[in-house]
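**Student:** Questions regarding the structure given below will be posed in turn.
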């Protein structure tokens with residue numbers, strides 16, 4: 001009999017690739033989505049789509065009792081908001097509701113995998129050895145990162161459910177909408193980068209991340225956390241330079257001082273408030289952009305999970321650009 005896995009946030013960017021990877025691994029996949037969600041990415045997949053309401057504890061308990069999942073991958077979360085309280089409500093609150101429901105239902109799951117972020121520990125700028133490790137003192141620089149750290153603390157404090165925490169760095173790939181703006185600008189022959197020297201960035205291609213998460217899910221590893229990158233460090237100009245090379249469009253590169261970025265983000269946020277929306281380029285994002293290093297220790301990915309990424313940044317970007325062009329995004 002196939003093992004059952006519940007994937008929350010299954011219709012999101014990372015979630016859709018998790019669904020595909022779980023199917024590939026031969027699991028019985030249940031895709032949890034919110035009511036009225038866009039589930040187009042899940043159509044024609046061999047999955048059972050479940051509408052989930054985290055605020056209805058009784059329904060959540062009944063769901064867990066009914067299906068008796070072997071694994072739960074909690075990928076649902078909030079990535080941008082002007083409100084720290086909203087980040088906590090979603091990024092920590094949904095996890096609390098899920099764990100509470102598991103305990104109330106009295107079901108026994110093999111593992112709960114929580115998708116956190118490198119942002120929970122922050123950049124390596126604040127670490128003496130200039131690398132973030134699992135023993136580092138966390139120093140998140142965004143509201144998003146702080147909320148993920150609070151969620152991690154909660155999960156570590158409970159003792160009944162075996163868990164694994166996954167902390168990916170910047171994730172890119174087909175269908176991603178935030179970094180996509182960089183692709184659009186470069187396609188229009190403009191690249192804007194922070195005026196920083198010696199910046200060290202890390203990335204992970206979404207297909208590699210999904211593969212790693214399923215490896216961690218099906219492994220014997222429990223009560224552990226993993227930072228996830230492709231294992232390489234890239235200069236601050238690498239992303240825009242590689243995209244320009246792949247798209248084959250010459251253009252100008254504008255180096256913007258951080259103080260100017262901060263001012264632009266402030267104005268953008270205020271202007272967006274008139275339309276009751278929150279922009280992708282915001283003050284939290286600038287706090288990430290101005291970090292000098294996102295170097296982190298990923299050595300345990302190989303030793304614990306036998307994980308080797310198939311894509312470095314150049315090869316991952318080539319696939320991403322191809323998808324954007326085929327789907328008329330570029």
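**Student:** Kindly indicate the residue of segment 1-11 that is surrounded by fewer than 20 Cβ atoms within 10 Å (Cβ to Cβ) and in contact (Cβ under 8 Å) with a residue 60 or more places away in the chain and also farthest from the chain's Cα centre (by Cα) among those meeting that condition.
**Tutor:** Across segment 1-11, the extreme among qualifying residues is 3.
**Student:** Okay, moving on. Consider segment 288-314. How many of its residues are in a helix (DSSP H, G or I), farther than 17 Å from residue 145 by Cα and in contact (Cβ under 8 Å) with a residue 12 or more places away in the chain?
**Tutor:** Residues flagged as in a helix (DSSP H, G or I), farther than 17 Å from residue 145 by Cα and in contact (Cβ under 8 Å) with a residue 12 or more places away in the chain within segment 288-314 amount to 6.
**Student:** With the requirement that a residue be touching a helix residue (DSSP H, G or I) at 6+ places or on another chain (Cβ under 9 Å), in contact (Cβ under 8 Å) with a residue 24 or more places away in the chain and in a helix (DSSP H, G or I), what does segment 315-330 give you?
**Tutor:** Of everything in segment 315-330, those that are touching a helix residue (DSSP H, G or I) at 6+ places or on another chain (Cβ under 9 Å), in contact (Cβ under 8 Å) with a residue 24 or more places away in the chain and in a helix (DSSP H, G or I) turn out to be 316, 317, 318, 319, 320, 321, 324.
**Student:** Which strands (runs of 3 or more DSSP E) does segment 201-287 wholly contain that include 3 or more residues that are closer than 29 Å to residue 20 by Cβ?
**Tutor:** Of the strands (runs of 3 or more DSSP E) lying wholly inside segment 201-287, those with at least 3 residues that are closer than 29 Å to residue 20 by Cβ span 203-205, 224-228.
**Student:** Same structure again: Quick one: in segment 160-198, of everything that is under 17 Å from residue 288 (Cα atoms) and out of contact with any helix residue (DSSP H, G or I) (no Cβ under 9 Å at 6 or more places or on another chain), which residue is modelled with the lowest pLDDT?
**Tutor:** Of everything passing the filter in segment 160-198, 197 is modelled with the lowest pLDDT.
Conditions tested, residue by residue: (1) over 29 Å from residue 305 (Cβ atoms); (2) under 23 Å from the mean Cα position of the chain (by Cα); (3) in contact (Cβ under 8 Å) with a residue 60 or more places away in the chain; (4) crowded, with 19+ Cβ neighbours inside 10 Å.
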site: 167; (1), (2), (3), (4): no, yes, yes, yes
site: 197; (1), (2), (3), (4): yes, no, no, no
site: 230; (1), (2), (3), (4): no, yes, yes, yes
site: 234; (1), (2), (3), (4): no, yes, yes, yes
site: 258; (1), (2), (3), (4): yes, no, yes, no
site: 265; (1), (2), (3), (4): yes, yes, no, yes
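**Student:** Further, regarding this structure: Determine whether residue 18 is within 25 Å of residue 221 (Cα to Cα), surrounded by 13 or more Cβ atoms within 10 Å (Cβ to Cβ) and touching a strand residue (DSSP E or B) at 6+ places or on another chain (Cβ under 6 Å).
**Tutor:** yes
**Student:** Here's something else I'd like to know. Filter segment 91-133 down to the residues that are surrounded by fewer than 18 Cβ atoms within 10 Å (Cβ to Cβ) and closer than 27 Å to residue 266 by Cβ and list them by number.
**Tutor:** Across segment 91-133, the qualifying residues are 125, 126.
**Student:** Under 30 Å from residue 280 (Cβ atoms), in a helix (DSSP H, G or I), more than 16 Å from the chain's Cα centre (by Cα) and modelled with pLDDT under 95 - does that describe any residue in segment 26-41?
**Tutor:** Scanning segment 26-41 turns up at least one residue that is under 30 Å from residue 280 (Cβ atoms), in a helix (DSSP H, G or I), more than 16 Å from the chain's Cα centre (by Cα) and modelled with pLDDT under 95.
**Student:** Against the definition (without any contact (Cβ under 8 Å) to a residue 24 or more places away in the chain and in contact with a helix residue (DSSP H, G or I) (Cβ under 7 Å, 6 or more places away or on another chain)), how does residue 138 come out, yes or no?
**Tutor:** So residue 138 passes the test.
**Student:** In segment 49-70, which residues are part of a loop (DSSP other than H, G, I, E, B) and surrounded by fewer than 16 Cβ atoms within 10 Å (Cβ to Cβ)?
**Tutor:** Matches in segment 49-70: 53, 55, 56, 68.
**Student:** Quick check on residue 49: is it farther than 22 Å from residue 162 by Cα, in contact with a strand residue (DSSP E or B) (Cβ under 8 Å, 6 or more places away or on another chain) and free of Cβ contacts under 8 Å to residues at least 60 places away in the same chain?
**Tutor:** yes
**Student:** Assess whether residue 73 counts as being surrounded by 15 or more Cβ atoms within 10 Å (Cβ to Cβ) and modelled with pLDDT under 95.
**Tutor:** no
**Student:** Could you count how many residues in segment 176-199 are in a helix (DSSP H, G or I) and in contact with a strand residue (DSSP E or B) (Cβ under 7 Å, 6 or more places away or on another chain)?
**Tutor:** So the answer is 1.
The values are calculated or read from the model by the stated rules, or taken from the named source; none is laboratory data. Treat the numbers as computed from the prediction; the structure is a model and nothing was measured. No Cβ is skipped: glycine too gets one built from the backbone with ideal geometry, and neighbour counts run over all protein chains shown.
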